Amino acid sequence: MNEFLRRMLFLPPQASSYATLVDHLHFFVILTTLVMSTAVGMTAIFFFVRYRRRHEGQRTPHVETSKVAEALFIFVPLAFFLLWFAIGFRDYVYLSTPPPGSMDVYVMGKQWMWKFAYPEGPSSAGVLRVPMGRPVRLLMTSRDVIHSFYVPAFRLKKDVLPGRYTEIWFEATKEGRYEVLCAEYCGAGHSVMRAEVVVMRPAEFDEWMRDQKRGLPVVQDGEPTRLERPQVYSNMVSQGRVLSASQGCFKCHTIDGAQHVGPTWLDLYGKRERLASGQEILADEAYLTESMMDPGAKMVAGYQNVMPSYQGRLAAPEVAAIVEYIKSLRSESVANAPSKGPLYEPARTQ
Ligand code: CUA
């Protein structure tokens, strides 16, 4: 039934864990409305014939509907709409909540291409390799205008905005190559802003990742003399470390837990910080990025608003690298404390 409807509606294969959820709701809505609109149409045609005017001067009788019929007309459709809302909301929560332990991949959109970077490994333009059966979280941003990351086979679509991170996750369930499109008109090359997701068997993926790491030239971490040369980094963390040094971050931020002009970066990621406004926030990727772009927006209580903005001074991939570097700064006690738990609580509904 699922396969039949998928073909009837010309939908691409269902290659992610939530593709079937999205499709099932889609089928449910489409079948219900198809049945009901057909019934209404048939009734109208039947009435045209059955109650046609048979002679001159014939008058339409006055008919009163019963309260019961009226209640049915109101509450049956309403019940369907509420049911769709409930299913849709449950699915929405599922597909906007990355499961703990997801593999992170940074996605950068720019006119007119997609770039992907793995925190511990390589980056690539145009090809995103992922393992089958493991959740992948995409942290996405744009370098110029608004784009939208769209993988029809995964039923995944999310806007990608400049100066801000959006996130989405998926778990690929079928090996293969799937098209990535841009779903937000972004200029002359919008229609050619394509990429590909390659879903690999987990063992193959691990091997590929190992090869990539082995093949990458390694720059000694934090060695400022290498900055003049073409910048090749073994991974985002070491790139972040070099950048932080060259941008002067360490004049105010320590990485050993000591408080200085600004909050320490040690164990900063995932921490709940109390702001000067009394509000509490979670130091996630979005907050760390915002604090580089607009430091005064959410001041941590007890600090002065003295940090300059790095808007325009750091490119999106550089910001991502610094965020990854901050994420890597874990003290023993925090890294080993299981009670701290993941940033994202599991909310899988299936
Ligand atoms: Cu990018 Cu359309």
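Show the residue pairs that are 6+ apart or on different chains and have beta-carbon atoms under 7 Å apart, the first residue being within the stretch 187-204 and without any contact (Cβ under 8 Å) to a residue 12 or more places away in the chain, the second being within 16 Å of the ligand (Cβ to nearest atom) and part of a strand (DSSP E or B).
Close Cβ pairs (under 7 Å, with a partner that is within 16 Å of the ligand (Cβ to nearest atom) and part of a strand (DSSP E or B)) do not exist here.
If MET1 satisfies all but one of (1) among the hydrophobic types (A, V, I, L, M, F, W, C); (2) within 26 Å of MET132 (Cα to Cα); (3) surrounded by 10 or more Cβ atoms within 10 Å (Cβ to Cβ), what's the number of the condition it fails?
(3)
Return a yes/no flag: does the stretch 19-31 have any residue that is among the aromatic types (Phe, Trp, Tyr), surrounded by 11 or more Cβ atoms within 10 Å (Cβ to Cβ) and touching a helix residue (DSSP H, G or I) at 6+ places or on another chain (Cβ under 6 Å).
Step one: of the stretch 19-31, the residues among the aromatic types (Phe, Trp, Tyr) are 27-28.
Narrowing further to those that are surrounded by 11 or more Cβ atoms within 10 Å (Cβ to Cβ): 27-28.
If we keep only those that are touching a helix residue (DSSP H, G or I) at 6+ places or on another chain (Cβ under 6 Å) as well, we get 27.
Yes; the residues of the stretch 19-31 include at least one that is among the aromatic types (Phe, Trp, Tyr), surrounded by 11 or more Cβ atoms within 10 Å (Cβ to Cβ) and touching a helix residue (DSSP H, G or I) at 6+ places or on another chain (Cβ under 6 Å).
Among the residues of the stretch 89-115 satisfying the criterion of being in contact (Cβ under 8 Å) with a residue 40 or more places away in the chain and within 16 Å of the ligand (Cβ to nearest atom), which is surrounded by the most Cβ atoms within 10 Å (Cβ to Cβ)?
Out of the qualifying residues, it is GLY109.
Restricting attention to the stretch 102-129, which residues are touching a helix residue (DSSP H, G or I) at 6+ places or on another chain (Cβ under 7 Å) and not in a loop (DSSP other than H, G, I, E, B)?
TYR106, MET108, ALA117, ARG129, listed by residue number.
Which ones in the stretch 289-319 are of a type in the set (S, T, N, Q), in contact (Cβ under 8 Å) with a residue 40 or more places away in the chain and surrounded by fewer than 18 Cβ atoms within 10 Å (Cβ to Cβ)? If you could, list the steps in order and put the result at the bottom.
We begin by selecting, within the stretch 289-319, every residue of a type in the set (S, T, N, Q); these are 289, 291, 304-305, 309, 311.
Still in the list and also in contact (Cβ under 8 Å) with a residue 40 or more places away in the chain: 289, 304, 311.
Those that are of a type in the set (S, T, N, Q), in contact (Cβ under 8 Å) with a residue 40 or more places away in the chain and surrounded by fewer than 18 Cβ atoms within 10 Å (Cβ to Cβ): GLN304, GLN311.
Given the criteria of a type in the set (A, V, I, L, M) and without any contact (Cβ under 8 Å) to a residue 60 or more places away in the chain, does ALA183 qualify? I'd like the intermediate steps shown before the answer.
Numbers: of a type in the set (A, V, I, L, M): yes; without any contact (Cβ under 8 Å) to a residue 60 or more places away in the chain: yes.
Spelling it out, ALA183 is indeed of a type in the set (A, V, I, L, M) and without any contact (Cβ under 8 Å) to a residue 60 or more places away in the chain.
When only residues in the stretch 148-160 that are within 16 Å of the ligand (Cβ to nearest atom) and either over 24 Å from SER291 (Cβ atoms) or without any contact (Cβ under 8 Å) to a residue 24 or more places away in the chain (or both) count, which is surrounded by the most Cβ atoms within 10 Å (Cβ to Cβ)?
Pass one, the stretch 148-160, residues within 16 Å of the ligand (Cβ to nearest atom): 148-152, 156-160.
Restricting the remaining residues to those that are either over 24 Å from SER291 (Cβ atoms) or without any contact (Cβ under 8 Å) to a residue 24 or more places away in the chain (or both) gives 148-152, 156-158.
On the way: SER148: 20, PHE149: 24, TYR150: 20, VAL151: 26, PRO152: 17, LEU156: 22, LYS157: 14, LYS158: 20.
Per the stated criteria, the residue is VAL151.
None of the figures in this text is laboratory data; all of them are computed from the coordinates on show. Just so we're clear, the structure is a prediction, and the values are computed from it rather than from any experiment. Note that we place each Cβ from the backbone using ideal geometry, even for glycine, and neighbour counts take in every protein chain shown.
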